[in-house]
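Taken together, the values in this text are just the output of simple stated rules run on the coordinates, not laboratory data. Just so you know, these numbers come straight off a predicted model, no measurement behind them. Neighbour counts run over all protein chains shown; Cβ positions are idealised from the backbone, glycine included.
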Amino acid sequence: MEFFEKIINFIKVINLKYTKFKYRKYLIRSNCVNGIKSAEGKDYSLRFDCAFKDKKKEVLQKVEHIVKKAKNNPYKLLSYIEKHGTKIYKIKNADKILSLVNETEGFITPKKGIKAIYLNLMILKRFSLSFAECFIMRNLQPDPYCTIHQFYTWYAFKSGFAGYDYKTQEKFHSVVFAKNRESVIDKLSVSEILSVKEAIHRDVEALEFVINISKKTDGAKSAYKKMLLATEPVNV
């Protein structure tokens with residue numbers, strides 16, 4: 001449960017900062033016309049396609065079908081990922097290698113610059129300024145629920161959901177791994193904090209999906225109760 005608690009605690013901290021000042025302070029007006037929600041502020045303007053809800057519902061149904069077909073088996077889910085073109089690297093001390101660049105085991109979104117150079121050298125033993133999306137983990141027995149969480153994240157990325165672009169993920173991880181998260185959040189611009197909020201939504205959706213799956217799975221009642229207690233209340 002440590003994996004889930006870390007994400008949940010981060011969500012609570014950053015969500016508190018949103019509601020306190022950043023978004024409300026700079027928001028001038030918002031409306032929704034013909035299915036498109038827009039927001040305007042002093043230094044930004046945003047448009048949200050309300051049809052995303054339908055797309056998210058479709059993705060949820062597809063992922064749930066795949067997970068059920070695999071019977072929650074992490075090896076079958078990882079095999080599905082490989083068959084659909086995403087590399088999986090099992091490396092000794094993967095957790096330590098990733099921690100040096102503010103990443104954790106599992107799905108890794110595309111990287112650029114110094115982080116890409118580092119991952120290429122450590123994982124692929126080559127030099128490159130770009131690093132494609134992949135899974136990086138230790139060669140251990142994968143936890144079913146962590147794998148389901150990461151599988152949903154991967155599928156959402158492949159489906160083009162917002163929050164997975166390079167800049168947003170870098171900002172997101174800079175806050176997740178910060179020793180003083182509030183000071184880091186305070187330095188984010190309005191556009192940065194709104195984009196990071198999209199990344200948070202993606203993690204919340206993945207967590208909610210895992211909770212839903214655990215509720216429906218025999219023998220998973222204790223895991224469900226632990227996650228339910230840890231996640232109440234989480235609003236983003």
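Data overview
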item: Rg followed by Dmax, in Å, when region 141-197 is reduced to its Cα trace; result: 13.7, 41
item: Segments 53-62, 77-86 sorted - mean Cβ within 10 Å per residue, highest first; result: 77-86, 53-62
